[in-house]
Structure formats: C-alpha cells, structure tokens
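Participant: Just passing along the structure, written as structure tokens.
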Amino acid sequence: MDDRGSFDAIENLNSSSSDTITTMPTSNTTNVNTDITFNIKLQTIFTRSRNSLIKYINNHIVFDQGLNNITNISIYNQKLYCSISNSLCLLTNLKKLTIKRCEIRFKIPDLIGQLINLVELNLSHNQLTDQIPNTIGQLTKLNILNLNNNNLTGQIPNTIEYLTNLIKIELQQNQLTGQIPNTIGDLTKLIIIN
C-alpha cells in the first residue's frame with residue numbers, strides 16, 4: 001500500500017505500450033484518494049477485480065457510488081469502444097473530468113448538470129453523438145469545456161450563457177449547426193473559443 005490511501009496495487013499488466021498504472025480502487029477502500037488517472041488498457045483492469053469501484057459491464061464503464069469523494073477522473077489514450085453509464089453523474093464532487101481519445105461512444109446525458117462542482121470537462125477526441133444537453137448550463141463553476149473532435153450535432157445550447165466562469169470552450173470538429181448564441185459575448189472571462 002502506498003501513501004494514496006487503501007488501494008490495491010496492480011502491477012505487471014500485459015499492455016502493448018509502456019503505459020502503467022500504480023493503483024486501482026476497490027470496494028474495500030476506506031480512505032479513497034481523490035484523484036484517479038488511467039493510461040493503460042482499462043478493460044484489462046476491469047476483469048481482474050470483482051469488487052472494483054469502476055466496472056466494465058455490458059460494454060459500459062460503470063462508476064460505483066463508493067467513489068463519491070473523487071474530485072478528478074482522467075482516462076485517456078484508450079481504445080475502449082464502449083459507453084459511459086449514467087452512474088458517472090452521481091459523482092457530484094468531481095471537479096475535473098477528462099475522458100480523452102478513448103473512442104467512447106455515447107450521448108452526453110442530461111444528468112451531466114448534476115456535476116455542479118465541475119471546473120474542467122474534457123470529452124474531446126471521442127465519438128460523442130447527439131446534441132449538447134441544455135443542462136450543460138448548470139455547470140456554473142466550469143472554466144474549461146472541451147468537446148472537440150466528436151460527432152455532436154444540433155445547435156450550441158443557449159444555456160451556455162450561464163457558464164459565467166468559462167475561460168476556454170472548444171467545440172470544433174463536430175457537426176454542430178446554427179449560429180453561436182449571442183449571449184456567449186456576455187461571458188466576460190472567456191479567452192479561447194474554438
């Protein structure tokens with residue numbers, strides 16, 4: 001056990017790359033670290049522990065409510081070809097959520113608005129579909145919104161005007177239509193728009 005809390009270490013996983021992970025949370029965890037970063041083949045991990053707080057079930061990544069103190073989840077450079085369950089939206093203490101370059105295929109759920117403590121949301125370089133939900137406007141603490149390089153359609157929701165702390169928004173390389181909402185000009189902290 002290391003200084004990150006009660007995690008079961010997973011070592012020597014067979015991966016085609018040099019990517020590594022130092023810890024994996026389990027349901028026996030009592031003092032959960034608030035930061036989880038994965039950069040190895042997650043499917044390998046999910047099949048190794050039945051009591052894992054992060055599971056791979058029926059082609060979905062499922063987050064256990066035992067992770068409710070987690071403030072940062074970063075999953076990147078995976079070829080998961082799966083979806084994220086709505087259980088992610090129950091992790092209301094999340095401040096940073098990055099699921100980048102993972103070939104994730106899902107619609108951003110309306111429940112995303114429950115993640116009211118999010119400061120950074122990066123779901124770029126995946127295969128997100130459908131529209132950006134109006135509930136995105138409930139993420140009023142958001143500084144960074146990056147949804148670029150996906151398959152998002154429809155218009156940018158007008159509720160974007162409620163993201164008054166937004167500094168950076170990246171929506172390029174999608175199939176978005178319509179005009180950029182005029183109220184985006186009212187976001188006085190906004191520096192980068194792509």
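Participant: Spelling out what I want: for every residue of the stretch 167-173, take phi, set θ = phi - 60°, compute 6.51 cos²θ - 1.76 cosθ + 1.60 (Karplus), and round to whole Hz; glycine and proline get x.
Facilitator: For the stretch 167-173, the Karplus curve yields 9, 9, 10, 10, 10, 5, 6 Hz.
Participant: Check residue 107: other-chain or 5+ apart residues with amide H under 5 Å from its amide H, H built from backbone geometry?
Facilitator: 129
Participant: Then there's this: What is the set of long-range amide H partners of residue 152 at a cut-off below 5 Å, with H atoms built 1.01 Å from backbone N?
Facilitator: Answer set, sorted by chain and number: 175.
Participant: How large is ³J(HN,Hα), in whole Hz, for each residue of the stretch 144-160 in order, when computed from phi with the Karplus curve 6.51 cos²θ - 1.76 cosθ + 1.60 and θ = phi - 60°, using x for Gly and Pro?
Facilitator: 3J(HN,Hα) across the stretch 144-160, in whole Hz: 10, 10, 10, 10, 5, 6, 9, 10, 5, 10, x, 9, 5, x, 5, 5, 4.
Participant: Follow-up. Using DSSP to define loop residues, name the GluC sites (Glu not before Pro) in the stretch 88-194 whose beta-carbon has at most 13 other beta-carbon atoms within 10 Å.
Facilitator: Listed in order of number, the matching sites are 103.
Participant: Going from the alpha-carbon gyration tensor of the stretch 126-190, what semi-axes, largest first and in whole Å, does one get by taking the root of 5 times each eigenvalue? Walk me through the intermediate numbers first.
Facilitator: Details: eigenvalues 71, 30, 23 Å².
Each semi-axis is √(5λ); the values are 19, 12, 11 Å.
Participant: Right, something else. Amide H of residue 164 versus every other amide H placed in the peptide plane: which residues, excluding those fewer than 5 positions away on the same chain, fall under 5 Å?
Facilitator: HN-HN under 5 Å from residue 164: empty list.
Participant: Share of Cα-Cα pairs in the stretch 88-142 beyond 12 Å, in percent?
Facilitator: Result for the distance tail: 64 percent.
Participant: With a ≥ b ≥ c the root eigenvalues of the C-alpha gyration tensor of the stretch 80-194, is it rounded (a/c under 1.5), prolate (a/b larger than b/c) or oblate? Before the final figure, lay out each step's value.
Facilitator: Numbers: a/c = 1.65, a/b = 1.20, b/c = 1.37.
Verdict is oblate for the stretch 80-194.
Where a number appears in this text, it was derived from the coordinates with a stated rule and is not lab data. Just so you know, these numbers come straight off a predicted model, no measurement behind them. Quick reminder, even Gly has a Cβ in these numbers, built from the backbone with ideal geometry, and neighbours come from all protein chains shown.
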